[in-house]
Amino acid sequence: MSSSAPPSGVERLKQGSQGLRGDLARELAAPGREVSEDAYNLLKFHGTYEQHDRDTATARKQRGEEKDFSFMVRVRMPGGVLTAAQYLALDGLADTYGNATLRITTREGVQFHGVIKQDLRATIAAINHALLTTQSACGDVVRNVTATPAPRRDAVHARLRADAAMLSATLLPASRAYHELFLDEQAQAELGAAPEPEPLFGPTYLPRKFKIGIAAPSDNTIDVLTNDLGVIALFEGEHLLGYNLALGGGLGMTHNKPATYPRLATPLVFVGPDDLRRGAEAVIALQRDFGNRADRRRARLKYLLDDRGAEWAKTALEGYFGAPLAPARAMPPLEVPEILGWHAQGDGKFWLGIPVPSGRIADRPGVRLRSALREIVVRFGCDPVMTGQQDVLLSNLAPGDRGPVEALLRAHGVALAEDLTPLARWALACPALPTCGLALAEAERVRAPMLAAIEAELARFGLAEERISLRITGCPNGCARTYGGDIGIVGRMPGHYALYVGGDFAGTRLSFKLHDKVAEADLASTLAPLFAAFAAGRGEGEGFGDFCTRLGAEELRALPASRRDAA
Ligand code: SRM
Ligand code: SF4
C-alpha cells in the first residue's frame, strides 16, 4: 500500500464482507425501504444504489415522514450493445419496477430509477433473465467497459466490440455473492464453503472504481482518455497492430480541494494483439497494490500516476506483466465522427442514430420517445446500441426501413439529428436532482432551457452550425465528462454553476475554470463575449475550445461585455 494511514471504513467493510455478502441477504428480506450504510456500500458492487427523492425530502421531514427511498439499478453492457429482445425486456421492466423511464448513461449503460427495495431481487433477476447483468456495474471493481459504439460491420469495429466483451467478462470478481443474493444460487456458507479467493482483486477488491474504455483513433466518441485505463487499438487497414495502454484518466474532483482534480490518461505502454487481457490485468494489479486505500478522494489510479510518476508506473507494470513493455506508439490524432443520423453499416444494412436528450428514454407530452423506440424495435427487429453520448443507435435496419422509421418517429414527436443544432446534438447532462444524492444543482432538468439560451447567443454571432460540445453536471464529479468538452457547466450550489471552457471536441485536452458561481440565468450572457470574440478572431479551422485555450482565462475574462453586440 502506498500510504501508512489506516485504511478507510469502506476498506474495512470490504475486508470483512465475506466476498461482498455482508448482511445483505437479511437486509434485503427485511421490511422497510431503507438499508444500512454497510448494505448501501456493498450493494454498489452488485449494481445498485440506494437513493431518495430529493424533491420531497424536506416536506416529508417536516411532516415527520421518512424519505422516499428507492434504488437506482445499473445494467452492465459492454460497448452499449443490446439485442432487440434485450431492449424490449429492459423497456418492460421500466414499467414493472422502475419509474417508467430508461436512462442511457455516459458509459453506454442503462439505468432504472425508482425501484423499491422489495422489488430489487425481481428486477435484477429479470435483467439476468434477458442475459444481461448488473454485477460490478458500480463499486470498487472494473465497471462497464465502453467501446466505440458505431455498428460498422468491419474488422476494426468487430474487434473493438469483442475486446470490450472479453475484458468485461474476464475482469469480474470471482465471488458468487451476486448469484446467491439475486439469482437463487445456493449460498456458499450453506455448503460449508469459505468465500471464494479473488485471484485478481484480492479480499479488498480495488481501492476505488476502475474504468476501462477501448477505442480506435478514428472514433473517440467514448472519450477514451477519461478512463483509468484507456485502450487505443492501433490498426493498419483492418490488421490489428496492438494496443496503446493509457493510464490514469478520471474526472472527479471536489470544489476548492486542489488535491483532487480531473486528469486525462497518459499513453504509457504498447502491448501486442494477444496481450490486451494480460496488460489490463497488470494495470489492475498495480492499482490494487499501490492505490490509496486510506483516502477515497485520492484513490483513483490518476493520483498514483502523478504521485509516483510515469516512469515508476511503467517499471512496476513490467513486473506484473512479466516482461519489458514497449513505450506507447505514436498514433494518429483522436477524432470524433458524427454517429447520429443514417449511416451504412458496410453489410448492406443501415443504422439510425437518434438523439436522446440527457439519455432519458421516456414518454412526455408531445414527445413519446419511449413508445416510438419500442414500436420500431418490435416492428423492424433492430438491435439498439447505447452510446457514451447518451444517444441510441438503431442498427441492422434495411434500406427500405428508412421512410417508415422516420415517419414513426415524427408521428411520436421525436426530433431527428438533422432537426437539431450541433450544440444540441452533442450536449450531455447528468441526472443530478432529484435522484443523485451528490447533486449541488440541477442538470438534466435544466438542460433544455440552458441549451436554448446558449443556442440563441451562438445564433446571434453566426455560430449556430458550429460544432461545440456542451456538458452539464450537477456537481464537480464530472459524470457527463464535464471537463472534457468545449464548454463545461458544473453545479456549484442551487441555481449556480462554475463555467469551464477550453477542452477540445476530440477529447484530448481538459477545460479550465473561467468563472465560479455564475447564476443559471447569466450563463449564456457570460458566454456571449467569448462567442463574439471567437466569431471575429478565430484562426483557420480553430474550434471554440482551441480558441479559448489560445486566449487563456485572463484574456477571456477581460473581454468587454460590449463585445456581446459585436455581431
Ligand atoms: Fe458518475 C457518482 C451517475 C458516469 C464520475 N455517478 C455517481 C452517482 C452514482 C452518485 C453517487 O455516488 O451517489 C450518480 C448516480 C446518479 C443517478 O441518479 O443516477 C452517477 N455517472 C452517473 C451516470 C449515470 C451519469 C450519466 O449522465 O449518464 C453515468 C453512469 C455510467 C455507467 O453506466 O457506469 C456516470 N461518473 C461517470 C463518469 C463518466 C465516464 O465514466 O465516462 C464520471 C467521470 C469519469 C471518472 O470516473 O472520473 C463519473 N460519478 C463520478 C464520480 C467521481 C469519481 C471520482 O473519482 O472522484 C462519482 C462520485 C464518487 O465516486 O464518489 C460518481
Ligand atoms: Fe450526481 Fe454529480 Fe454525477 Fe451529476 S455529476 S450524477 S450531480 S455525482
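The values are calculated or read from the model by the stated rules, or taken from the named source; none is laboratory data. If you're wondering where the values come from, they're calculated on a predicted model, not measured in any experiment. Don't worry about glycine lacking a Cβ; one is built from the backbone with ideal geometry, like all the others, and counts go over all protein chains shown. Surface accessibility is based on the protein's heavy atoms, side chains included, excluding ligands, DNA and RNA. Shrake-Rupley method; radii C 1.70, N 1.55, O 1.52, S 1.80 Å.
As an exercise: evaluate Ala294 against (1) aliphatic (A, V, I, L, M); (2) in a loop (DSSP other than H, G, I, E, B); (3) within 25 Å of Thr221 (Cβ to Cβ) and give the number of the one condition it does not meet. Ala294 satisfies every listed condition except (3).
Scanning the stretch 458-496 for residues that are near ligand 2 (Cβ under 10 Å from one of its atoms) and of a type in the set (Gly, Ala, Ser), we see that the one that is surrounded by the fewest Cβ atoms within 10 Å (Cβ to Cβ) is Gly478. Taking the criterion of being under 23 Å from Ala150 (Cα atoms), surrounded by 21 or more Cβ atoms within 10 Å (Cβ to Cβ) and not β-branched (Val, Ile, Thr), the residues of the stretch 92-131 that qualify are Leu102, Arg103, Arg107, Glu108, Gly109, Gln111.
Residue count for the stretch 282-309 satisfying the condition of being touching a Leu at 6+ places or on another chain (Cβ under 9 Å) and surrounded by fewer than 18 Cβ atoms within 10 Å (Cβ to Cβ): 0.
Looking only at the stretch 66-81, count how many residues are basic (Lys, Arg) and near ligand 1 (Cβ under 10 Å from one of its atoms). Please lay out each step first, then the result.
Residues of the stretch 66-81 that are basic (Lys, Arg), as a first pass: 67, 74, 76.
Okay, now just the ones that are also near ligand 1 (Cβ under 10 Å from one of its atoms), so 74, 76.
Residues flagged as basic (Lys, Arg) and near ligand 1 (Cβ under 10 Å from one of its atoms) within the stretch 66-81 amount to 2.
Looking at the structure I just gave you, is Phe201 farther than 22 Å from Gly474 by Cα, outside any loop (DSSP other than H, G, I, E, B) and away from ligand 2 (no atom under 16 Å from the Cβ)? Before the answer, list the steps.
On the way: farther than 22 Å from Gly474 by Cα: yes; outside any loop (DSSP other than H, G, I, E, B): no; away from ligand 2 (no atom under 16 Å from the Cβ): yes.
Against the criterion (farther than 22 Å from Gly474 by Cα, outside any loop (DSSP other than H, G, I, E, B) and away from ligand 2 (no atom under 16 Å from the Cβ)), Phe201 does not qualify.
Which one of these is touching a Phe, Trp or Tyr at 6+ places or on another chain (Cβ under 6 Å), more than 16 Å from ligand 2 (Cβ to nearest atom) and within 30 Å of Gly503 (Cα to Cα): Ala328, Ala310?
Working: Ala310 fails: touching a Phe, Trp or Tyr at 6+ places or on another chain (Cβ under 6 Å).
None of the others qualify; the one that does is Ala328.
Looking only at the stretch 222-240, filter to residues that are surrounded by fewer than 24 Cβ atoms within 10 Å (Cβ to Cβ) and not hydrophobic (A, V, I, L, M, F, W, C); which one of those is nearest to Leu276 (Cα to Cα)? Once the filter is applied, the top-ranked residue is His239. Of the residues making up the stretch 373-393, not a single one is among the hydroxyl-bearing types (Ser, Thr, Tyr) and either open to solvent by 10 Å² or more (accessible area, probe 1.4 Å) or over 26 Å from Gly484 (Cβ atoms) (or both).
Regarding Asp401, is this residue more than 24 Å from Leu241 (Cα to Cα), touching a residue at least 60 places away in the same chain (Cβ under 8 Å) and open to solvent by 10 Å² or more (accessible area, probe 1.4 Å)? Here the answer is no, as Asp401 does not meet what is asked. The requirement of being surrounded by fewer than 22 Cβ atoms within 10 Å (Cβ to Cβ) and within 16 Å of ligand 1 (Cβ to nearest atom) is satisfied by Arg445. Which one of these is of a type outside the set (A, V, I, L, M, F, W, C), at positive phi and touching a Gly at 6+ places or on another chain (Cβ under 8 Å): Gly114, Gly98? Exactly one residue qualifies, and that residue is Gly114.
Do we have any residue at all in the stretch 143-160 that's free of Cβ contacts under 8 Å to residues at least 60 places away in the same chain and open to solvent by 30 Å² or more (accessible area, probe 1.4 Å)? I'd like the intermediate steps shown before the answer.
Pass one, the stretch 143-160, residues free of Cβ contacts under 8 Å to residues at least 60 places away in the same chain: 157-158.
Among the residues that remain, those that are also open to solvent by 30 Å² or more (accessible area, probe 1.4 Å) are: 158.
Yes, because at least one residue in the stretch 143-160 is free of Cβ contacts under 8 Å to residues at least 60 places away in the same chain and open to solvent by 30 Å² or more (accessible area, probe 1.4 Å).
Among the residues of the stretch 85-111, those identified as outside any loop (DSSP other than H, G, I, E, B), more than 12 Å from Arg374 (Cβ to Cβ) and more than 16 Å from ligand 2 (Cβ to nearest atom) are Ala85, Gln86, Leu93, Thr96. His255 meets the conditions (1) touching a Phe, Trp or Tyr at 6+ places or on another chain (Cβ under 9 Å); (2) within 16 Å of ligand 2 (Cβ to nearest atom) in every case but one. The failed one is (1).
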